[in-house]
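Visitor: Quick one: the structure is below, and I'll ask about it shortly.
Since every read-out is calculated from the coordinates, none of them should be taken as a lab result. Everything quoted here is computed from the prediction, not taken from an experiment. Cβ: placed from backbone, ideal geometry, glycine included. Neighbour counts: every protein chain shown.
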Amino acid sequence: MPNSEIAGGRDMCETLTNGLVRLQNRRAMNADTQKELLDRARAAANHAYAPYSEFPVGAAALAADGSVHIGCNVENASYGLTICAERAAVSAAISAGHRQIVAVAVSAPKVSHTTPCGACRQFLNEFKPAKIDMAIILDDREAGEVVWLDDLLPRAFGPQALPTPPIEANTSLPTRRDKNDR
């Protein structure tokens, strides 16, 4: 069930009249939702392709509608082309048409409490709902430890700092005009 809804996922969020989503209580996440995300991140780590670092990582991203999208790290001999699990999971959500991610669970079987790298933190910030924080669930080998993206990436640069708003989900990109279309 890589890309499906989980019970309690929507309960973690409250949709406002303007379409934004916010956590009902930043300091309390639904325990069933947290467990399900962590279980899915752990399972995703089993699919990691990590022949160089031998450090598998799995992630599960919870979209604002309650759907869950998983990813694992995929290494490359050209190290800079490696894809982290968190970015893979969020990319799967984006590919499915989602633009707001409210929580991400991260599991690295070899080391507990592994946090997203700096590049992943910036990437996650791009899809954090406006005016609320994103829960990051770290695998502590038990129920998980919730930390917050704003604490991992203080004073972040993101879409809100740019004059042009980001493109919303399910909208068409402008088409390139041919010079004969004038």
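Visitor: What translational diffusion coefficient, to the nearest whole µm²/s, does region 32-111 have by Stokes-Einstein, given a Kirkwood radius computed over alpha-carbon pairs, a temperature of 37 °C and 0.692 mPa s viscosity? Working shown, then result.
Guide: Values: Rh = 12.3 Å.
The Stokes-Einstein estimate is 266 µm²/s.
Visitor: In what sequence, highest mean first, do 87-96, 63-72 appear when ranked by Cβ atoms within 10 angstrom? The partial results should precede the final answer.
Guide: Values: 87-96: 20.7, 63-72: 22.9.
Ranking, from highest mean packing down: 63-72, 87-96.
Visitor: Could you work out the local net charge near Gly144, counting Lys and Arg as +1, Asp and Glu as -1, over the other residues with Cβ closer than 11 Å to its Cβ? Show your work: numbers first, answer last.
Guide: Numbers: positive: Lys35, Arg42, Arg141; negative: Glu36, Asp39, Asp139, Asp140, Glu142, Glu145.
Here the count lands on -3.
Visitor: For Ser78 and Asp140 in the same chain, what is the full-extension length gain: residue separation times 0.36 nm, less their Cα-Cα distance, in nm?
Guide: Numbers: separation 62, 0.36 × 62 = 22.32 nm, distance 3.07 nm.
The Ser78-Asp140 span can extend by a further 19.3 nm.
Visitor: Within region 86-172, report the chymotrypsin sites (Phe, Trp or Tyr not before Pro) that DSSP leaves as loop and that have at most 12 other Cβ atoms within 10 Å. Mind showing how you got there, number by number?
Guide: On the way: sites: Phe123, Phe127, Trp148, Phe157; in loops: Phe127, Phe157.
Qualifying residues, ordered by number: Phe157.
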